[in-house]
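Beneath this line is the structure, given in structure tokens, with notes to follow.
Bear in mind that the values in this text are calculations on the coordinates, not laboratory data. All of these numbers come straight from a predicted model, not from anything done at the bench. Cβ placement follows ideal geometry from the backbone for every residue including glycine, while neighbour counts extend to all protein chains displayed.
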Amino acid sequence: MEILKPLSLEEANTNAQVIFNNVKSKVGMLPNLYAAMGVSDKLLGGFLGFTETLKSGELSAKEYEAVALATSQVNACGYCLSAHTAIGKMNGFSEEETLDIRNNAVADSKLNALVLLASELADKKGKASDEAITNFFEAGYSKAAFVEVLGIVSLTIITNTVFLNGDFEIDFPKAKFIEEVQEA
């Protein structure tokens, strides 16, 4: 049963209204995902605050989006794949590079180590293999980056789960599922 629907500004409580207006002023729109999360201003506010904090961390904007794409691919979240493909492109990825990330086949070895780690964390309920972790550190990432990847994967799983339990349209250009691209 899909129970989460986007709230209108009028339906949201006062705290959520403030968050909605802040998001809209920053990005020019209120994504349906955030409007659905706004049923709890605590969830949405905490999520946005934690996201902003992690985006100022060890990873670049492109690396952040690569983690979000890899995680969303594992969880087959059409909304988050679409959003992070669009944001990834705004941060310098080509369409082909976003597909390579989703296929765990990135040409850049450092970025690929990051993507493989994120994919395993999402796929194996938070426990990546020793090999994926070793490759991540050998690629030059720090322990701080490691724990931040844990946070980004966790945040992305929240949004994946909201969409998968939601009833709302994808309001970004729709990303194709890997299977559609491979069949073409």
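Here is how the numbers come out for the structure above:
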| quantity | calculated |
| --- | --- |
| Between helix 143-164 and the chain: long-axis angle, C-alpha atoms, 0 to 90°, nearest 10 | 50 degrees |
| Helix 41-55 vs. the chain, principal-axis angle (Cα, 0 to 90°, nearest 10) | 30 degrees |
| Relative contact order [Cα under 8 Å, 6+ residues apart], region 14-55, whole percent | 39 percent |
| Residue 138-residue 18 FRET efficiency (beta carbon distance; Förster radius 35 Å; 0.05 resolution) | 0.20 |
| Principal-axis tilt of helix 61-74 within the chain, Cα atoms, nearest 10 degrees | 90 degrees |
| Among the listed pairs 89/176; 55/176; 5/42; 55/89; 55/125, those beyond 19 Å (Cα-Cα) | 55/176; 55/125 |
| Where N is the number of residues in region 23-119, Cα Rg divided by 2.2 N^0.38 Å | 1.10 |
| Volume per residue that the Cα convex hull of the chain spans, once the total is divided by residue count, Å³ | 120 Å³ |
| Kirkwood hydrodynamic radius of region 14-55, from inverse mean 1/r over distinct Cα pairs, in Å | 10.2 Å |
| Structure-based [θ]222 nm, the chain - -39500 (n - 2.57) summed over DSSP H runs of at least 4, per residue, nearest 500 | -20500 deg cm²/dmol |
| Least to most buried among 123, 100 (fewest other Cβ within 10 Å first) | 123, 100 |
| Residue exposure sequence - 153, 23, 18 - by fewest surrounding Cβ within 10 Å | 18, 23, 153 |
